[in-house]
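Written below as structure tokens is the structure these notes are about.
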Amino acid sequence: MRAHHGAVRWQLLRTLRDAAAADDLAQEVFLHAFRHLDRFRGDESIRPWLIGIARNKAKEFVRAEVRRKGREQGPLAMLLARWRAERLEEGTDEAEEYERNLARLRDCIGALAPRSRQVIEEHYFRSRTLESLGQTWGCTGGALRMLLLRIRKTLGECLQRGPDKARTHR
């Protein structure tokens, strides 16, 4: 365990980007390996076997995150988590690219005008309908739909060019 803990934890940390989850899952990897040591073929190093277990544990963790985020944080968080799970299932290690894109999206949302940022947060992160937001803010759901259309276009442009070059909406 001492010889391979760093490599296992690094694999989990690269995939999950969550130190606490990586620590917890590293323990699970070694418990799983110990319980299933009879499955290890001794003709190769144990490290690749442990890394494979770590990848599978990370996939299980991300699948559980998809379900949890769907229940707790709403549709956008669930879609992002599902996208991440699909990348893991494909076997592509795009965790770094995902994290960069997610950070850029956060920056782009942060660059929006306060009202636009509030529409995004309320609609996507708190699952409020545009009609209920319209009632609260004294406008129609249709007007907010048009605003949201412009905001999404702005976010798309921002993701292409960077948050410092994006236009903002009121």
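Being among the polar types (S, T, N, Q), at pLDDT 90 or above, assigned to a helix (DSSP H, G or I) and more than 22 Å from the chain's Cα centre (by Cα) is a condition met by no residue of the stretch 117-131. Just one of the listed residues (A77, A54, A81, A85) is at pLDDT 75 or above and either touching a helix residue (DSSP H, G or I) at 6+ places or on another chain (Cβ under 9 Å) or among the aliphatic types (A, V, I, L, M) (or both), namely A54.
The rows are residues; the columns are (1) in the same structural domain as L80 (by TED's automatic domain parsing); (2) more than 18 Å from the chain's Cα centre (by Cα); (3) farther than 15 Å from A85 by Cα; (4) surrounded by 12 or more Cβ atoms within 10 Å (Cβ to Cβ).
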{"residue": "L16", "(1), (2), (3), (4)": "yes, no, no, yes"}
{"residue": "F30", "(1), (2), (3), (4)": "yes, yes, yes, yes"}
{"residue": "L37", "(1), (2), (3), (4)": "yes, yes, yes, no"}
{"residue": "F40", "(1), (2), (3), (4)": "yes, yes, yes, yes"}
{"residue": "I46", "(1), (2), (3), (4)": "yes, yes, yes, yes"}
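Scanning the stretch 100-116 for residues that are at pLDDT 85 or above, of a type outside the set (A, V, I, L, M) and surrounded by 13 or more Cβ atoms within 10 Å (Cβ to Cβ) yields D107, C108, R115, S116. The set of residues in the stretch 117-162 that are in contact with a Pro (Cβ under 8 Å, 6 or more places away or on another chain) and surrounded by fewer than 17 Cβ atoms within 10 Å (Cβ to Cβ) contains only S127.
The values are calculated or read from the model by the stated rules, or taken from the named source; none is laboratory data. No experiment lies behind these values; they were computed from the predicted model shown. Note that each Cβ is placed from the backbone with ideal geometry, even for glycine, and that neighbours are counted across all protein chains shown.
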